[in-house]
Amino acid sequence: MNVTELARKLKVPTKELLEKLPELGFDIGKKAIKIDSRLIDKITKSWVDHKRKERMIADEEKVTEVRLDDQQEEKKLEKTVAIPYSIIVREFAEKLNLPVNKLMVELMKNGIMGNLNQAIDFDTATIIGEDLGYKVTKITDKEIEEKTSARQEQKLKDIIDNQKNKATRPPVVVVMGHVDHGKTKLLDAFRETNVIDTESGGITQHIGAYQAKIKDRLITFLDTPGHEAFKTMRSRGSKIADVAIIVVAADDGLQPQTIEVITLCQKENLPFIIAINKIDKDNADPERVKKELSDINLVPEDWGGKTVCMLISAKQKKNLAELLEMVLLIADMEELKSNPDALAAGTIIEAHKDRNEGPVATVLVQTGTLRVGDTIAVGTVTGKIKAMRDEFNKEVTAAPPAKPVKILGLKETPAVGDVLEAIDDPKLLKQRMKDSKRNRTTANSHDSFADQGSDDENAIPTLPIILKADVVGSQEAIIESLMKLNTAKAQVKIIKRGLGNITENDILEAQAAKAMLIGFHVKTAKSAETLAMESDVTIHSYEIIYKLLEDVAPALNKIKAQETLRVQLGELKVLAIFKSDKHSMIIGGEIIKGKVQADKAIKITRDGEFVDLGTIKELQCNKEIVTEAVEGQQCGITYQGRPVIQVDDILEVYQETTE
Ligand code: GDP
């Protein structure tokens, strides 16, 4: 047969075949034209085997293998970590100083198929921690209390130090909880029933926060879209909320995000009230929620504990006044005071660039009074307040502590979470302006193209995303959350981010880059809608970050490189081959490390070299079928796979999962 003919049959270029044949033991010469027909079958079989092995080795590269030796090394560690009654997998990994992957392996070994953002309870964490050589202790309520009182002491000290002109300021409240448990509904209900300015016909402007009045006292509500935005601000070091209302639907109970926000509040020493919502529903079961709270050491007050629980219905506006009174009670205990006469300082909670008005930001004033005409600085951005508006879009000239106001007059769009300061020292202002100039020449503006995510595109598949949002705050919170979805196997890549409605240009870019086009709290121009239909681009619109994440996660999953995670259980040395069939073998051997279990994957190695993969179908010890045998025991194995095992081979036994 001609070499070219054989090459065609094997679907390989002739040159490659001629180069490879000597490696496979067929020395026919690099320039051969014909091959002895008696060799054809042998070459074909070898070639198929060779290709199979090549594929297998390539597949092996996608496998994350955790060998017994590595597992044992970790066991030698003797450290202590303290955690609350539950902890998110990712945070636990951080505490253990371990790559998340390794922690996931441990969880898997214990039969827990978790994801990064899942919370695990204290008992599970203890078992896993111990397996990894860590002693896990609980951060007790007492410690949390001690921490809180340390904060109180500091606070009190500050107050005493600066006693002059201190006045009580309204508390700032954040509403958090699991998706669909009623955060938005509750914020809407507060807004509708407790508006301060009834004449204006209600709050029309979304400026990121608003104030409501109860018993002649003001409360400021942060109107952020869920706790991700709150976390973004926290990660920038800004502490803005004084009390949290954690909403739990009475028909759904504690959910992962509920646990997450509870953990967050405990970490931040932020006092919280559990609002058990939707009690109007037939299937509402507030007692179950209380039981679940008790299970995680948050015993409700009426059960003899300290956790404040209120039964409410945001829909029927039931018990909302009582809930707010409780907020005020907690605020009173916190002694929230600041000096309204001082120069103002506050935190930026939203910011965007308006086509007509230029940079617009909402600042939550935290101390002092901000006035029109004040010279201000936010980081390196400077300006002079030209106008201020409240949530009713009403012009105001002064904003005292805890008042949120939209401000005009900044030279650039500031970052959410940055601190705004009113400045009366010309020298300081000059310095800020100098910094600002330098910054402008080096930094990108906030609404320009961004290139977040991995640059290492060859290795990791990426999901391109175009993100349009209404305000910088949401945009940053979304990007931060999206980045958290990134794994070693698939990554989000924000190819463009911008503020404002979705335009034709966005559609064209999404089409060109095959990107997922996401709009958050924005509309789509009519022309863009038509274009999207024509060009088969789907516009994904959201009002809630969680919903957005819920859609991106599976899309990311789809593009993810298939990878196998293999945790080594043990090793067996082959002592005898009893039977060999086309697809199976019966062998005998001794377990030299760890354990061997039936139905597990096997990797065959010979002199340290990879040979093949297969599975253990059946395991026998002393002529009895068993599910497991351990180090030192001899056993018989019915192996399924190609009959390639030889005496003295090592069979590495693995627990395998593909994700
Ligand atoms: P969020 O995702 O936490 O902001 O939840 P939403 O406020 O959007 O509420 C989710 C759903 O629950 C909506 O359909 C609301 O109308 C409904 N909902 C919220 N509060 C109540 C309540 O007190 N009772 C009843 N029956 N439904 C409610």
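The values are calculated or read from the model by the stated rules, or taken from the named source; none is laboratory data. Bear in mind that the values here come from a model prediction, so they are computed numbers and not experimental data. Cβ atoms come from the backbone with ideal geometry, glycine included; neighbour counts cover every protein chain shown.
For segment 581-591, the criterion of being of a type in the set (G, A, S) and within 30 Å of A515 (Cβ to Cβ) is met by none of the residues. Among (1) within 29 Å of K102 (Cβ to Cβ); (2) in contact with a Leu (Cβ under 7 Å, 6 or more places away or on another chain), which single condition is G588 missing? Result: G588 fails condition (1) only.
Looking at segment 639-648, can you tell me whether even one residue there is away from the ligand (no atom under 16 Å from the Cβ) and outside any loop (DSSP other than H, G, I, E, B)? Yes: segment 639-648 contains one or more residues that are away from the ligand (no atom under 16 Å from the Cβ) and outside any loop (DSSP other than H, G, I, E, B). In summary, V261 fulfils each of the numbered conditions (1) outside any helix (DSSP H, G or I); (2) within 25 Å of the chain's Cα centre (by Cα); (3) at pLDDT below 85 with the single exception of condition (1). Just a yes or no: is a residue in segment 306-317 under 24 Å from T382 (Cβ atoms) and away from the ligand (no atom under 16 Å from the Cβ)? So far as segment 306-317 goes, no, none of its residues is under 24 Å from T382 (Cβ atoms) and away from the ligand (no atom under 16 Å from the Cβ).
When the criteria are applied in full, S313 meets the requirement of being more than 25 Å from I120 (Cα to Cα) and assigned by TED's automatic domain parsing to the domain that holds K183. Of the residues making up segment 283-301, those that are surrounded by fewer than 20 Cβ atoms within 10 Å (Cβ to Cβ), of a type in the set (D, E, K, R) and either within 16 Å of the ligand (Cβ to nearest atom) or touching a residue at least 12 places away in the same chain (Cβ under 8 Å) (or both) are D285, R288, E292.
Taking the condition surrounded by fewer than 21 Cβ atoms within 10 Å (Cβ to Cβ), more than 22 Å from G304 (Cα to Cα) and free of Cβ contacts under 8 Å to residues at least 24 places away in the same chain, does D251 pass? When the stated conditions are applied, D251 does not pass them.
Selection of segment 631-646 for residues being under 45 Å from the mean Cα position of the chain (by Cα) and exposed (fewer than 14 other Cβ atoms within 10 Å of the Cβ) yields only G632.
For segment 268-282, taking the residues that are outside any loop (DSSP other than H, G, I, E, B) and modelled with pLDDT of 95 or more, the one that is farthest from the ligand (Cβ to nearest atom) is identified as I273. Scanning segment 551-599 for residues that are surrounded by fewer than 20 Cβ atoms within 10 Å (Cβ to Cβ), among the basic types (K, R) and touching a residue at least 40 places away in the same chain (Cβ under 8 Å) yields a total of 4.
Considering only residues that are at pLDDT 90 or above and within 16 Å of the ligand (Cβ to nearest atom), look in segment 536-547 and name the one that is surrounded by the most Cβ atoms within 10 Å (Cβ to Cβ). Result: Y542.
For segment 347-373, a residue qualifies if it is crowded, with 23+ Cβ neighbours inside 10 Å and among the charged types (D, E, K, R), and exactly one does: E350. The single condition among (1) at pLDDT below 80; (2) surrounded by fewer than 22 Cβ atoms within 10 Å (Cβ to Cβ); (3) not hydroxyl-bearing (S, T, Y) that F230 does not meet is (2). Only one of the numbered conditions (1) in the same structural domain as A598 (by TED's automatic domain parsing); (2) closer than 19 Å to V472 by Cβ; (3) aliphatic (A, V, I, L, M) is violated by L575, and that is (2). Filtered by the rule that a residue be within 11 Å of the ligand (Cβ to nearest atom) and either within 15 Å of D295 (Cα to Cα) or of a type in the set (G, A, S) (or both), segment 249-267 gives A249, A250, Q255, T258. Can you say whether E73 is surrounded by fewer than 12 Cβ atoms within 10 Å (Cβ to Cβ), out of contact with any Pro (no Cβ under 9 Å at 6 or more places or on another chain) and at pLDDT below 75, as far as the supplied structure shows? Yes.
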